[in-house]
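Working notes for the structure below.
Every read-out reported here was derived from the displayed coordinates using simple, explicitly stated rules and does not represent laboratory data. Every value quoted in this text rests on a predicted model; they were computed, and no experiment measured them. Neighbour counts are summed over all protein chains in view; Cβ atoms, including those assigned to glycine, are modelled from backbone coordinates with ideal geometry.
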Amino acid sequence: MSDKKQQLREISELGEFGLIDHITKDVKLHHKNTLKGIGDDAAVINHGNICSIVTTDLLVEGIHFNLIYTPLKHLGYKAVVVNLSDVYAMNATPKQITVSVAISRKFAVEHMEQLYEGINLACEHYNVDLVGGDTSSSLTGLAISITAIGEAKKEDITYRSTAKKNDIVCVTGNLGSAYMGLQLLEREKEIFKTNPDFNPSLKGYDYILERQLKPEARKDIIKILKELKIKPTSMIDISDGLSSEVLHICNKSDVGCKIFQDKIPIDLNTEKMAEEFKIEPLIAALNGGEDYELLFTIDVKDLEKIKNQASIHAIGHIADKEHGAVMITTGGQSIQLQAQGWNQMKEE
Ligand code: ADP
Ligand code: MG
């Protein structure tokens with residue numbers, strides 16, 4: 001770090017996505033079998049007809065999780081799930097993970113046992129093998145990095161970059177609930193900080209809390225799509241809010257889109273919580289994070305096949321790039337979507 005004379009730039013100027021683009025702009029691929037490098041939910045490596053899918057996520061204490069209200073077992077489970085979600089977003093099946101941890105002195109053996117209980121439970125549930133990792137000490141808290149390796153036939157893999165005009169835009173499950181769960185936990189934490197005798201009132205909020213603390217990846221959707229003989233024309237997982245992910249698909253596919261506010265699935269529990277917080281539930285769905293649902297596009301000819309699928313919602317369609325990526329509100333207004341996801345590096 002000998003940059004004394006050089007004018008240094010704040011990383012916050014670029015934001016997370018800007019920084020990734022900047023630091024990876026000189027990356028060159030040397031191997032023909034690297035079908036996809038940086039820029040999708042996971043990398044794709046070709047071994048004949050079968051491809052490996054590789055993705056990594058890093059979770060840092062104080063940034064991605066707060067141990068005041070996150071049980072370590074849940075954290076371990078979630079750390080696996082967020083990676084598997086990226087594998088499913090490629091329409092692939094996860095098979096192995098590696099787990100690396102950096103641990104500060106405040107953690108005891110029993111704490112690590114709890115973390116691994118959650119990791120093992122997720123491996124069991126999603127049928128993946130934990131095949132390695134790394135262990136280090138840390139000066140400040142806990143960091144967990146997981147790499148997931150999956151498998152798919154080359155022709156089954158779905159990218160962010162292949163949506164085409166008139167395709168139907170679909171989302172799974174419901175959106176904004178994990179964000180509302182986080183708001184609730186943060187509120188109770190603040191009250192607890194000023195009054196340690198206070199017992200958090202989390203009763204009746206199980207659904208949104210579970211969505212935040214113990215999310216699941218949409219393994220079931222990949223299976224359903226196969227059974228319906230639908231190959232999405234593009235797919236991404238929703239980790240940073242619907243807006244941000246729709247824009248990723250539009251930018252990478254060089255298209256625009258029109259989605260409809262009244263089609264965006266929001267659970268009643270999310271609405272209830274949002275009302276209590278005086279937050280528009282729509283804002284939680286568009287800009288909240290960590291839903292780990294799937295956003296995908298399908299050819300119009302497949303629309304009929306998803307009609308009876310309770311967990312798949314058609315929310316709009318792909319349009320020409322010139323139209324931009326817009327949402328039509330219930331009042332008929334057209335609003336440009338904006339990426340306001342979990343951009344931790346670009347705090348306002
Ligand atoms: P996701 O939200 O699906 O996990 P990200 O937004 O984190 O994806 O990353 C977008 C792309 O940039 C991915 O292909 C990822 O592998 C790549 N990427 C992120 N950080 C780095 C980095 N520090 N060096 C190289 N590639 C990176
Ligand atoms: Mg992703």
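Laid out as a table, the results:
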item	result
Amide hydrogen neighbours beyond the local backbone of G133, cut-off 5 Å, H modeled	V99
About the Cα centre, charge dipole magnitude for the stretch 168-336 (Lys/Arg +1, Asp/Glu -1 at Cβ), debye	480 debye
Two-decimal log10 I(q)/I(0) for the stretch 11-156, as the Debye equation yields it once each C-alpha is a single scatterer, q = 0.18 Å⁻¹	-1.10
Length added when fully stretched, D156-K193, from 0.36 nm per residue minus Cα-Cα	8.3 nm
For the stretch 136-254, the Rg and Dmax computed from alpha carbons only, in angstrom	19.3, 58
The chain: relative contact order in percent, alpha carbon pairs under 8 Å with at least 6 residues between	22 percent
Cα-based Rg and Dmax for the stretch 244-300, where Dmax is the largest Cα-Cα distance (Å)	13.3, 39
About the Cα centre, charge dipole magnitude for the stretch 31-108 (Lys/Arg +1, Asp/Glu -1 at Cβ), debye	240 debye
Taking the convex hull of Cα positions in the stretch 243-348, its mean projected area over all directions (nm²)	8.2 nm²
Label-point separation, N120 to H47 (7 Å along Cα→Cβ), nm	2.7 nm
Amide H contacts of G288 (H built 1.01 Å from N, under 5 Å, at least 5 apart or other chain)	L242
Unit charges at the beta carbon, dipole of the chain: most positive-side option, T55, H31, L75	H31
Selection from L202, S104, N120, by position along the positive dipole direction of the chain (Cβ)	N120
Cβ-placed point charges (K, R +1; D, E -1), dipole of the chain about Cα centre in debye, nearest 20	820 debye
Antiparallel bridge percentage (DSSP; both residues within the stretch 11-156; nearest 5)	75 percent
Amide hydrogen neighbours beyond the local backbone of N166, cut-off 5 Å, H modeled	I318, A319
Computed Kirkwood radius, in angstrom, where 1/r is averaged over Cα pairs of the chain	21.3 Å
Computed [θ] at 222 nm, deg cm²/dmol, the chain (DSSP H ≥ 4; -39,500 (n - 2.57); rounded to nearest 500)	-10000 deg cm²/dmol
Mean Kyte hydropathy of -0.5 or more with a Cα span along the axis of at least 20 Å, helices from DSSP in the chain	72-88, 109-126, 177-194
